[in-house]
Each structure stands twice: as C-alpha cells, then as structure tokens.
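> Okay, here's the structure, questions in a sec.
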Amino acid sequence: MTFLNSIFLWGLTAVSIPLIIHLLSQKKPRIIYFSDLRFLELAASRSVKKFRVRQYLLLLIRCLLIIILTFIFARPVIHYVPSSKNTETIFLIDNSYSMGYYKDGKSQLEYAKSVVKQTLNLINPQEKIAIFSFSNILLPVVKNPTTDKGLIISELEKIKLDYKKTDVINAVNEVIKYFQNDKTEKRIIIVTDFAKNGWLLKKNTVAGNYKIICIDVGDNKPVNFAVSNVETSGNKITAIVSNYSDDKKSISTELSIDGKKYKSAFFEIYPHKNSEWSFDVKNIKNGIHKCFIEIEPDKLLTDNKYFFAFNYREKPKVLLIDGHPQFSDFKGETFFLKTALANYSDVKVINFSQFGNEETSGYSILFFCNVSDFNKDEVLLLKNLISSGKYLVFFPGDKVSSEKYNTKLSFLLPCEISSILNYGKLSNYNLLEGQEISTDETIKKRFLLIPQHNAETLLKFSDDTPFLVKGKNNVFVFAISANLSYSDIPIRPVFPIIIKHLFSYFLESDILIKSVNIGETYQKIAGKIIPEIVSPDGKIVKNQSELLFEKKGVYEIKNHKTEYVNVNLDVKSGESDLAKIDTAEIKKLFDKMFVGVVIADGNFEKKIKKILYGSELTKYFILLLLIFAILETLVANYKKS
C-alpha cells in the first residue's frame, strides 16, 4: 500500500495527544476517614473497573480516529501490480486484417486507438511510453520510450490495417528482445481482438521481468463469412465460401469477369462449415481474364473478395483418323481413344480415305491411328498442318511400315520407328504426383522408338525405352497401337491418365498463373530486372528490381514469359475465424508475467486505472471515520442507569 499525499503521514504523531491528555487527567486519590463502609466495598470496586474499561476504550477509539483522519488526508492506494516511478509502458497494437471487423460502426482498429488514447490520459506525465503495431511481424511506431504524448498520438493515428495474420506471442518475444539490455521496469499492454488463432501458435514466450496487461476490443459474438479459396480446372471454376459464425445463413455470391458481372448464386452455409459453388464458364473469349468472386457484405469486408486470373479455352476440336476401319467400332483403331478424349475435346472420327478431302483448318489436334502409308499430297498436307501450328499424334499398328515412315516422314517425326519388341511394362517416369499408374497391364507388342537429338521422351517403359516421344514441331509418337492388337492398355485405367498427360502439352502456353499471399515479394531471376509490371489498378511500372505485393488483385508480370499472379489474403491461416481465446489459456502462455484482461466497454477507464495504479482506499477510510465517530459519541455519553 502506498499514499498519494504521504506528507500527511506526519499527522500520525498526533496520536500521542489523547495519550498525553489521558495521563495528565488522572488525579491522585485523597484519603478521607469515614465510618465503616465495609458493606459498600464490593459495589464500589465493580463501578471503578467499569469506569476504567470505558476510559481505555475511549482512548483507543480517539487514537484510531486520528490515524484514520491522517490516512484520509494521505490518500492510501492498494496496488495489484508492483511498480515504481520509473516504470515504462509499451503498447502492442494488433493491426492484422481481423482488426478491420466493424463493431458499432467502427473498426476494431479504431477502437484499439481509442482505448490507447484513454489509457494515455491516465498514465502519469513522467512515465515514458513506446508503441508498436503487429500482425505476424512487429513494426515500431514510437520505438524509443518518450513522455511526449503529442508525438505518441500523432504516430498512433498513422497505424493502418495490415493484411497479414496475427501472431501475439511473436510480437511479445520481439519486444522483450528489443529491450533486453534496458533494465528499466516495463509493462506491456496488448490491445487486440482476442481471436484465438492469433495466440495458439506453439511458441514459448521469452522470459523477462515484465508485467503483461491485455485489452480486449473484440466482439463477444462475431459473425463472419469469407471466400477462402477459388480453384480452376479447365473451364470450371469452384469457389469455397466459409462460415465462421455459430448460425446457418444464406449467402449471395457473385462472379465478375473483366469487371463485369458474369454469374451469381444464393446458397446456405452451415455454422463453421465450408460450401462450394462450382460452374462451367461458357461463351467468353479465349485467353486470360481477370476475375473475382465476391460475397455479400458483412462486418469484416477484407475477406469477402477473392481475385484470380482465369485462362479460358474452348474445348479443342480433335480429328481422329482411322487407318484400319473395322465393322465393329470396338475393334477399330479409334474407339478407346475417342472415349478417353470425350472430357477434353470435341471429337470427330474419319477413315484415312477421307483425310485428303477433310477441311482441317478447324481442328487443333489430329491423331493418325495405324495409318499404313502417305502419298506425296498427304505428306505435303502434313507439312502444312505443322506450319499452321497443329498438333499431330501418331499411334502405330500392324499396318504401319516403319521403313516407309522413316523415309517419307523423316522431316516430321521426332524419332525413328525401329523394330518390334515383345512384352514390356510402363514406368511412372515424368508423371506428376497423384498421376502414378499401376503397371499391371499386358503389352504383347511395342515399337522401339529411337528419339532424335532434339526430341523429348515424355513417358518410358520400365526398360528405359521410350513410350511417348515429343518433337520440337509438336509431333508426338507412341510406341503402341490405340486399339487392343498390341496391348490391353486402352481398356486399363492407365489410358485416361496417359491421354490427360498428353493434353497437358496441347494446352501448354507461354502464360503462367500462380497465387501468393499479400505481403509476399516476387521472386525474380537473380540479376534480372522485371521489364514491366501491371498492378491491379492498371498502373504500369517498368524496369523494377523487385516487387512487393501490397494490394489484393491480379498482377501482370511481363518477363520473357507473361505471368499472372493472384494476390489475396491468407484466409487459410485462420485469421478470418474471430472466435475468442479463453483468458485461462492466455494466463498459461504468459505465466507469472500475466496481470489481467480488461474489456474495452463503458467501464474501461475505471478498470484500467485500477490495474495500472491500484485502488484508492480513501472512501473506505471515510466510512470508518464515520463509524468510529458515532462509536466514540456513544461510549463517551454512556451513563449507568
């Protein structure tokens, strides 16, 4: 306990006054001889004892009255947190994107600034103050403790929302490290929304002689919805919307393409669940489109919109040329191939005899299946197809003459078709994770392909011989037939995987699309300058050495290849989930450094002042003074009946 006006404690010396008066007022008894009073001795003795008890009680009460009166003038205070006159206060203000949540018409960051100002008004003028803002990184606002409150408030107002997640423990650790060589007593005041995902990172708090006070500016029952991800597959878009509240709700969602509304939907999301909205995009131009998915406004607007680049392509038209038609489609050269291509393209099948008369300009890809030979006009047509950018794929078979192919098509093929081999097994060479195949197929015959020096082997057999070869001129050659005459691969699950892998090369382009979180830096090639950058607002910047993604949206980066970068919030980090952490868990995290939690409500000033400087006991001593004054009056005027 301390005293605000300790000089008045000299008043305690006044306690001696009642003692002196009591001692001086005692008189020496006189002896008077009188008749025999033996019968009155007992009664007189009892009366004297009661009188003395009352006099001592009065003395005690009057001494206590002086002590209480002295304490009233000295203004006693009881402290809950030990502190000294040199204590410095460090404010940590959460400015992660969850602090953009609106409560009663103001963002939680604005509430945080307001409670800091209120606390500043209560702090003693001689106390030094420092301020830092934090998300998952700590940034100094006023890093050197100062008593200049004008400067502090000015810098406080400059704090803006960061679009990163919260990491409270990291912020505390960084502050303790920053002041580790400063022996001045310090208290840390953390102002945050108490969203639990910002606390439950498995890190140990750095030990230090600090006292930590937490101020809660968050909503007690937050309601938030977010577009947590968007996935594209071909011309299909899937938006994932998350409900972080305790109630089921119907949400309206909208897709915009190149700034224009394209599609909208309305669907229900259950509490703490995700809901998917999937659809196929049709009837727009081929190529890259800048898009976003947006849900209806809620109290946290920053996670309501997700930006992405979308590479729209109509299904390519594919021509299958059957070199050995059969009465039964099942036994033909193109039946299984047509089935495997159904999901990726619009397919037409013709016999090779019709090839010379077919209008091929509308086709992107042509498959030649077990075509035995090509005449001069057909060879010239193949040459023109390559010149016009078409993809040509050759499946050999029992009608194919390797000698004729190697002679007439040597300028075209990426490999030499050599001898026929018996048996073989496929390997997982060059297949992506998740595309691995089970090599239990039966291969009776296969061609030995000998790649040219500039060709690329895309798939292999287990003996390391080529299964699929690609040339620089977009000509592909398989080592097996497309029907069941050489193997059972066309009826195995592996066949659609192979065709899908093949189509990844057909759809390959110079346009790259990737996604990053806001606040990340573009990873350029060492020593290279980025020639041109188009930001989401259309601003063009040239010849940059690096790029920090500071805004949400789609960035266009023009290097040797055009690259589109989707920049969004890291919703997967859990920052959009505003459910609060329990005070008991915070106490475990900070252990002995933890002082308490103050809720930013109507009684905030009273509560924070109590924690910072304790409770003044003057009113309780005034009550005691009144009680003892009444008691003194009763005892002093007491008369025996």
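> How much length, in nm to one decimal, is gained on full extension between Lys588 and Asp258, taken as 0.36 nm per residue of separation minus their Cα-Cα distance?
The Lys588-Asp258 span can extend by a further 113.8 nm.
> State, as an integer percentage, the relative contact order of the chain based on alpha-carbon contacts under 8 Å between residues 6 or more apart.
15
> I'd like to check one number: the per residue accessible area of the chain, probe 1.4 Å, reported in Å² as a whole number.
With the other protein chains kept in place, the chain gives 54 Å² per residue.
> Whenever you get a sec, line up Trp199, Trp10 from highest to lowest accessible area (probe 1.4 Å, protein heavy atoms).
So the residues, ranked largest to smallest area, are Trp10, Trp199.
> If the reach is capped at under 18 angstrom between alpha carbons, list the aspartates and glutamates near Lys285, excluding any in the same chain fewer than eight residues apart.
Asp258, Glu314, Asp346, Glu508, Asp510
> Another question, if that's okay. Roughly how many Å² of Thr360 are accessible to a 1.4 Å probe, to the nearest 10?
Taking all protein chains as shown, Thr360 has close to 20 Å².
> Please state the charge dipole magnitude for the chain, taken about the Cα centre, from unit charges on C-beta atoms (+1 on K and R, -1 on D and E), reported in debye and rounded to the nearest 20.
The calculation lands at about 4360 debye.
> Take Asn286 and Lys273, extend 7 Å from each Cα along the Cα→Cβ direction, and tell me the distance between the two endpoints in nm.
Computed distance between label sites Asn286 and Lys273 equals 4.1 nm.
> Which entry is the computed Kirkwood radius over Cα pairs in Å for this structure: (i) 33.0; (ii) 27.7; (iii) 26.7?
Computing Kirkwood radius over Cα pairs in Å and matching it to (i) 33.0; (ii) 27.7; (iii) 26.7 gives (i).
> Using 7 Å Cα-to-Cβ label points, what is the Thr184/Asp488 separation (nm, one decimal)?
Going by the 7 Å Cα→Cβ label model, 8.3 nm.
> Sticking with this structure for a sec: For Ala265 and Asp464, FRET efficiency with R0 = 35 Å and r from the beta-carbon atoms, rounded to 0.05?
For Asp464 and Ala265, the calculated efficiency is 0.10.
> Which of the listed residues, Asn483, Ser576, Asn384, is farthest toward the dipole's positive end in the chain, when Lys, Arg count +1 and Asp, Glu count -1 at the beta-carbon?
Positive-end residue among those listed: Ser576.
> Another one. Per DSSP H run of at least 4 residues, take -39500 (n - 2.57); add these up for the chain, divide by its residues and hand me the 222 nm value, nearest 500 deg cm²/dmol.
Only helices count here, giving -7500 deg cm²/dmol.
> I'd like the carbon and sulfur percentage of the solvent accessible area for the chain, probe radius 1.4 Å, heavy atoms only, ligands and nucleic acids excluded.
Of all accessible area on the chain, carbon and sulfur atoms account for 53 percent.
> Order Ile66, Ile213 by their accessible area, 1.4 angstrom probe, all chains in place, largest first.
Highest to lowest solvent-accessible surface, that is Ile66, Ile213.
> Using only the C-alpha atoms of segment 235-285, find the volume of their convex hull and express it per residue in Å³.
Convex hull volume per residue, Cα atoms: 73 Å³.
> Run down the lysines and flag those whose C-alpha is under 17 Å from the C-alpha of Lys149, throwing out any fewer than 8 positions away in its chain.
In chain and number order, the partners are Lys113, Lys117, Lys128, Lys158.
> Find out how many positive minus negative residues lie around Val598, taking Lys and Arg as positive, Asp and Glu as negative, among other residues whose Cβ is under 12 Å from that of Val598.
+1
> Of Leu625, Phe604, His560, which is farthest on the positive side of the dipole of segment 530-629, counting Cα position, with +1 on Lys and Arg Cβ, -1 on Asp and Glu Cβ, and the Cα centre as origin?
Of the candidates, Leu625 comes out farthest on the positive side.
> Right, here's the next one. So how do Ser278, Ser233, Ser487 rank on accessible area, 1.4 Å probe, biggest first, that is with the largest at the start?
Ser233, Ser278, Ser487
> Lysines near Lys425 by alpha-carbon distance under 27 Å, same-chain residues fewer than 8 away left out - which ones?
Correct list for Lys425: Lys331, Lys338, Lys399, Lys444, Lys445, Lys460, Lys470, Lys472, Lys500.
> Heavy atoms of the protein only, probe of 1.4 Å, neighbouring chains included. What is the accessible area of His272 in Å², nearest 10?
100
The values are calculated or read from the model by the stated rules, or taken from the named source; none is laboratory data. All of these numbers come straight from a predicted model, not from anything done at the bench. Virtual Cβ from ideal backbone geometry, glycine too; neighbours counted across all protein chains shown. When the accessible area is computed, the model is the full protein with side chains, heavy atoms only, and any ligands, DNA or RNA have been set aside. Shrake-Rupley method; radii C 1.70, N 1.55, O 1.52, S 1.80 Å.
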